[in-house]
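*Asks:* What follows is a structure written as structure tokens; I'll ask about it next.
The values are calculated or read from the model by the stated rules, or taken from the named source; none is laboratory data. All values derive from a computational prediction rather than experimental measurement. Here the Cβ positions follow ideal geometry from the backbone for every residue, glycine too, while neighbour counts run over all protein chains shown.
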Amino acid sequence: MHASVCGEQVRITLMEARPAGLTLKQLTVATGLSAHHVRKGLNYIKDTAALEHLTPLTYTRKDGYRFPPDPADWIAYELAQLSVEFNRINRLITAVIAPHAAAHPDKFAQLALEQISGIKAGLAMVVMAGGR
């Protein structure tokens, strides 16, 4: 089954459940799709449909997947995701790139360290601005 078909079925189901969310298991029951096809549909929504329909998709353990109507929910989800990415990038720098650059200061290591540090700084600014 094509990703766009799965995505549209999942999107419609989530819109019908709105503002509530649905777990993966609930989505499989509600759509009649397998877990594989629901995941395929969710990925399609993340990659394409959310922007096309201007409906941000969020996920929490408590609420499952959903299209929350309140922009405050979108911001809270975005900040949580940005914080996770900030921590992942910070660990990439401290565990891999910085030791590489210190042990073998080649051009690649230096460029990678500079670029990833820039991304880290940008994420930190967004997370701090959102936490006001």
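*Asks:* Look through 30, 3 and report the one residue that is in contact with an Asp or Glu (Cβ under 9 Å, 6 or more places away or on another chain), of a type in the set (A, V, I, L, M, F, W, C) and modelled with pLDDT of 95 or more. I'd like the intermediate steps shown before the answer.
*Replies:* Numbers: 3 fails: modelled with pLDDT of 95 or more.
On inspection, the qualifying residue turns out to be 30.
*Asks:* Go through region 60-76 and give me each residue that's under 14 Å from the mean Cα position of the chain (by Cα) and either buried (at least 19 other Cβ atoms within 10 Å of the Cβ) or modelled with pLDDT of 95 or more (or both).
*Replies:* 64, 65, 66, 67
*Asks:* Moving on to the next point. Does residue 73 satisfy the criteria of being outside any loop (DSSP other than H, G, I, E, B), touching a Lys or Arg at 6+ places or on another chain (Cβ under 9 Å), within 30 Å of residue 119 (Cβ to Cβ) and not aliphatic (A, V, I, L, M)?
*Replies:* Yes; evaluated as a whole, the condition is true for this residue.
*Asks:* Taking the criterion of being without any contact (Cβ under 8 Å) to a residue 12 or more places away in the chain and hydrophobic (A, V, I, L, M, F, W, C), would at least one residue in region 56-72 satisfy it?
*Replies:* So far as region 56-72 goes, yes, one or more of its residues are without any contact (Cβ under 8 Å) to a residue 12 or more places away in the chain and hydrophobic (A, V, I, L, M, F, W, C).
*Asks:* Out of (1) over 23 Å from residue 78 (Cβ atoms); (2) in a helix (DSSP H, G or I), the odd one out for residue 41 is which?
*Replies:* Residue 41 satisfies all of (1) over 23 Å from residue 78 (Cβ atoms); (2) in a helix (DSSP H, G or I) except (1).
*Asks:* Right, another one. Would it be correct to say that residue 107 is surrounded by fewer than 15 Cβ atoms within 10 Å (Cβ to Cβ), farther than 30 Å from residue 8 by Cα, without any contact (Cβ under 8 Å) to a residue 40 or more places away in the chain and charged (D, E, K, R)?
*Replies:* Values: surrounded by fewer than 15 Cβ atoms within 10 Å (Cβ to Cβ): yes; farther than 30 Å from residue 8 by Cα: yes; without any contact (Cβ under 8 Å) to a residue 40 or more places away in the chain: yes; charged (D, E, K, R): yes.
Yes; evaluated as a whole, the condition is true for this residue.
*Asks:* Restricting attention to region 80-99, which residues are free of Cβ contacts under 8 Å to residues at least 12 places away in the same chain and charged (D, E, K, R)?
*Replies:* 88, 91
*Asks:* Cβ contacts < 8 Å: first residue exposed (fewer than 13 other Cβ atoms within 10 Å of the Cβ), restricted to region 7-32; second residue in a helix (DSSP H, G or I) and acidic (Asp, Glu), any location; separation 6+ or different chain. Result?
*Replies:* none
*Asks:* Just checking, which of 13, 55, 28 is farther than 30 Å from residue 118 by Cβ, part of a loop (DSSP other than H, G, I, E, B), in contact with a helix residue (DSSP H, G or I) (Cβ under 9 Å, 6 or more places away or on another chain) and of a type in the set (Val, Ile, Thr)?
*Replies:* On the way: 13 fails: part of a loop (DSSP other than H, G, I, E, B); 28 fails: part of a loop (DSSP other than H, G, I, E, B).
Criteria check complete, one pass: 55.
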